[in-house]
Amino acid sequence: MCGIVGLVSERNVTSVLVEGLRRLEYRGYDSAGISVASATDMLRLRATGKLKNLQKRLKDHPVTGLCGIGHTRWATHGAPTRDNAHPHCSEKVAVVHNGIIENFLALRQSLEAEGVSFKSDTDTEVIPHLIERELNRGLDPVSAVRVAIGYLKGAFALGIIFHSHDNLLVAARRGSPLIVGLGDGENFIGSDATPLVAYTRRMIYLDDDDIAVLSREGVTLMDLDGNTIHRPVRETQVQGDIADKGQYRHFMLKEIFEQPSVIGETLRSLVDLANHTVNVDQIAGDIDFSAVQSIHIIACGTSWHAGMVAKYWIEQLAKIPVNVDIASEYRYRRPPPQAGCLGVTISQSGETADTLAALRYARSELGQKILSIVNVPESSIARDSDSVIYTQAGPEIGVASTKAFTTQLVALSVLALALAKARNQLSSDQESALVSELLQIPGRMEQVLTKDTEIQDIARELMHASGFLFLGRGTCFPIALEGALKLKEISYIHAEGYAAGEMKHGPIALIDEDLPVVVVAPRDNLYEKVISNVEEVNARGGRVVVITTESETGQDCKAGYMIPMVACGELAAPILYVAPLQLLAYHIAVYKGTDVDQPRNLAKSVTVE
Ligand code: AGP
C-alpha cells in the first residue's frame with residue numbers, strides 16, 4: 001500500500017524524491033517523509049496528511065544530499081501521526097518499508113531488553129535498530145542488512161540508507177514488490193515503475209529475498225547469503241505522463257466520462273471488428289480453453305464484483321461451472337485441487353496482495369493455470385500469470401474504481417464468448433450477434449452519461465439519508481453490490497447491496513421513508529420479479545429510485561425517482577447500468593464535501609494482506 005522511492009545520484013536528490021512521492025501518492029496518503037544522506041550527515045523530514053504538507057515543511061527546512069529515500073504511508077501499525085511516518089531511523093540507519101513485519105512485537109521486546117528505545121508504534125521501526133545492532137557488532141552496512149533481514153517474518157520491500165554514506169542505498173524485498181531503475185550516474189528504487197520512468201526505462205524486478213546494493217556507479221544483486229545473482233533488465237512500457245483532470249472537477253468524474261472511449265479501446269484490442277468474431281487463441285494465450293472443466297475466479301472489491309457478473313456469463317454461455325472467491329478467503333478455505341480447473345484473477349492494479357497470494361496458491365498448491373485480467377502492464381499479477389488479458393482503461397487515478405470496472409466487464413464478456421466458442425457452445429450467428437451487442441456499448445454509454453444532470457438532482461434530494469439499499473437480480477445483483485460499494489467508499493454513507501429476491505428474508509425490516517432503495521432493473525427476463533420487489537418497498541413507504549428503460553406501454557413501476565436507460569441486450573446491461581450508480585455516488589459525495597478522489601482510509605493499490 002505504501003509507496004517507496006529512493007536514489008543515489010550525482011545531483012541533490014530531494015526534488016526527485018518529492019516528485020516520486022507525488023506519483024506514488026495513490027498508494028497511500030496518511031503521511032509522507034524523506035531521509036537524505038550526505039558525506040557527513042543523515043537528515044529526515046516527515047509530515048502527516050498529504051504530500052503537500054511535506055512540501056510545505058521542506059520549504060522551511062530544506063534537506064540536501066546525494067542519496068535518499070522517500071515514503072508515502074497507508075497506516076497499518078500505529079495511527080497516521082508524524083512519529084509513525086516513515087522513514088524510521090536509528091542513529092546510523094534510515095528505513096522505508098512497505099509490507100507488514102508479523103513478528104515485530106517479539107523483536108521489539110528483545111531490542112528493548114537490550115536498551116533500545118522506540119519512538120513510534122510501527123512494526124517498521126525494529127528494522128533500523130536490528131541493522132544498527134549488526135553495525136555495532138562490526139558488520140559492514142550490506143552484511144548488517146543481510147543478517148537483520150534474517151530475523152524478519154512477514155512481507156517487506158525496504159529502502160535503506162546510512163549516516164555519512166552518500167553513495168550507498170540498499171534495497172530488499174520479500175512478498176512486497178520492489179523495482180530497481182538503472183540510470184546514468186544514478187540508480188533508483190521504487191515500489192513500482194511510476195516514480196522512475198521520468199529518469200530511466202531500464203528496470204530490474206527484484207524477486208523474493210533479493211538484496212540490491214546501489215551506488216552512483218552501478219547496482220549489484222545478491223541473495224541472503226551474499227552470493228551475487230543476476231536478474232534480467234527489462235525495458236518498461238509504463239508511461240510517465242501524469243494524468244490531469246482536464247475540464248473535470250475530479251479524476252473520478254473524468255474517468256466515468258472516459259468509459260465510452262476506454263470500453264471501445266478494450267473491445268478493439270479483443271475482438272475482430274470487421275467480422276464480429278472472437279479469436280480464441282488470442283484470448284487464451286498459452287491455455288487450452290477446450291480442456292477447461294471448471295473455473296475459479298479470484299479478486300477483491302470492485303474486481304470481485306466483476307468476477308461475480310462473469311460467473312453468470314460463463315456458466316450460461318460456455319456451460320462451465322464457476323466459483324467466485326474473495327481473494328483473502330481463497331487460500332484459507334483450502335479448495336480441493338480439481339483436474340481442468342482454470343484460475344482467473346482480476347485486478348485493476350495488478351498488485352493487490354491478497355489476489356497475488358491467492359494466485360500463487362492456486363498455481364503451486366492446486367496446479368491451476370492462471371489467466372489474469374489486469375489494467376497495469378508489468379504488474380506483479382501480470383508477470384505471475386500464464387495468460388493476461390489487458391484492459392485498456394488507461395491510468396485510473398480516482399481511488400473508487402469506475403472505468404477499470406467496466407473495462408474488466410468487457411474483457412470478461414469476451415472471455416466468456418471465447419470459452420463458449422472453444423467448447424462449441426456458440427454458433428457463429430450467436431457469436432456475431434453478441435459481439436455486435438458489445439460493440440454498441442460505447443455509443444449507448446454516451447447516451448447513459450447524458451443523464452448526469454438528472455442523477456445530480458436525485459443525489460441532491462437523497463444526500464442526507466443515513467443509509468441506502470441497492471437491489472438487483474441476475475447479472476445486476478453484483479451491480480447492486482458495486483453501487484453500494486461506490487457510495488460507501490466516497491460518501492461514507494452506509495450502503496448495502498442485496499439480491500432483490502433476498503430482501504424479504506431480512507433487509508425488508510429496514511425499509512422506511514429514511515432508507516432510499518436503489519433498484520437496478522433492466523427489462524430482462526427477471527424484470528417482473530424485480531418490480532414485485534419494488535412494490536414490497538412501496539407498500540412499506542420506502543423511497544425508491546428505479547434505473548430502467550421507459551416502457552413502451554407507459555406502464556412503469558411506481559417509483560419516487562426514475563433514471564431512464566437506453567434499451568440494450570442482456571450482455572450489455574450490467575456494463576451500462578453501473579454508470580448511473582457511479583454518478584449517483586459521485587454527486588452525493590460532492591454534495592457532502594468529501595475528498596472524492598482520495599477518500600479517507602483507502603488507497604488505490606492494496607499491497608498488504
Ligand atoms: C474499488 O473502488 C476499490 N477501491 C477496491 O475495492 C478495489 O477494487 C480492490 O482493492 C481491488 O483492487 P484491484 O482491482 O487493484 O486488485
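The values are calculated or read from the model by the stated rules, or taken from the named source; none is laboratory data. Since this is a predicted model, take the numbers as computed values, not measurements. Glycine also receives a Cβ, built like all others from the backbone with ideal geometry; neighbour counts cover every protein chain displayed. The protein model used for the area step is the full one, side chains on, heavy atoms only, and it has no ligands, DNA or RNA in it. Shrake-Rupley method; radii C 1.70, N 1.55, O 1.52, S 1.80 Å.
Data table
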| read-out | value |
| --- | --- |
| Answer residue from segment 385-403, given it is over 23 Å from V271 (Cβ atoms) and modelled with pLDDT under 95 and is nearest to the ligand (Cβ to nearest atom) among those | V399 |
| Test: residue in segment 396-413 that is open to solvent by 10 Å² or more (accessible area, probe 1.4 Å), part of a helix (DSSP H, G or I) and within 30 Å of A433 (Cα to Cα) | no |
| Unmet requirement for V518, which otherwise passes all of (1) among the aliphatic types (A, V, I, L, M); (2) farther than 24 Å from A400 by Cβ; (3) open to solvent by less than 10 Å² (accessible area, probe 1.4 Å) | (2) |
| Residue in segment 129-138 that is in a loop (DSSP other than H, G, I, E, B), within 12 Å of C89 (Cβ to Cβ) and open to solvent by less than 30 Å² (accessible area, probe 1.4 Å) present | no |
| Condition met for V608 (buried (at least 22 other Cβ atoms within 10 Å of the Cβ) and within 14 Å of the ligand (Cβ to nearest atom)) | no |
| Residues satisfying the stated conditions in segment 323-367, i.e. within 16 Å of the ligand (Cβ to nearest atom) and part of a strand (DSSP E or B) | V324, D325, I326, G343, V344, T345, I346, S347 |
| The lone exception for Y492 - which of (1) within 16 Å of the ligand (Cβ to nearest atom); (2) open to solvent by 30 Å² or more (accessible area, probe 1.4 Å); (3) touching a Gly at 6+ places or on another chain (Cβ under 7 Å) it fails | (3) |
| Which numbered condition M445 misses (of (1) open to solvent by less than 10 Å² (accessible area, probe 1.4 Å); (2) within 16 Å of the ligand (Cβ to nearest atom)) | (2) |
| Elements of type strands (runs of 3 or more DSSP E) in segment 2-100, at least 2 residues being open to solvent by 10 Å² or more (accessible area, probe 1.4 Å) | 42-48 |
| Any pair with Cβ under 9 angstrom, 6 or more apart, that starts in segment 339-352 at a residue that is farther than 13 Å from F405 by Cα and open to solvent by 10 Å² or more (accessible area, probe 1.4 Å) and ends at one that is in a strand (DSSP E or B) and near the ligand (Cβ under 7 Å from one of its atoms) | T352/A299 |
| Hey, Y498 surrounded by fewer than 24 Cβ atoms within 10 Å (Cβ to Cβ) and touching a helix residue (DSSP H, G or I) at 6+ places or on another chain (Cβ under 8 Å) or not | yes |
| Any hit, segment 107-115, residues being open to solvent by less than 10 Å² (accessible area, probe 1.4 Å) and touching a residue at least 40 places away in the same chain (Cβ under 8 Å) | no |
| Some residue of segment 213-228 being in a strand (DSSP E or B) and surrounded by 24 or more Cβ atoms within 10 Å (Cβ to Cβ) | yes |
| Residue in segment 469-486 that is open to solvent by 40 Å² or more (accessible area, probe 1.4 Å), closer than 20 Å to P599 by Cβ and not hydrophobic (A, V, I, L, M, F, W, C) present | no |
| Test result for A198, in contact with a Lys or Arg (Cβ under 9 Å, 6 or more places away or on another chain) and open to solvent by less than 10 Å² (accessible area, probe 1.4 Å) | no |
| Any hit, segment 301-322, residues being open to solvent by 30 Å² or more (accessible area, probe 1.4 Å), under 30 Å from L602 (Cα atoms), outside any helix (DSSP H, G or I) and of a type outside the set (K, R) | no |
| Any hit, segment 595-605, residues being surrounded by 15 or more Cβ atoms within 10 Å (Cβ to Cβ) and away from the ligand (no atom under 16 Å from the Cβ) | no |
| Condition met for S372 (within 19 Å of A327 (Cβ to Cβ) and either open to solvent by less than 30 Å² (accessible area, probe 1.4 Å) or at pLDDT 95 or above (or both)) | yes |
| A193 being modelled with pLDDT of 95 or more and surrounded by 21 or more Cβ atoms within 10 Å (Cβ to Cβ) | no |
| Yes/no for E454 being surrounded by fewer than 18 Cβ atoms within 10 Å (Cβ to Cβ) and in contact with a strand residue (DSSP E or B) (Cβ under 7 Å, 6 or more places away or on another chain) | yes |
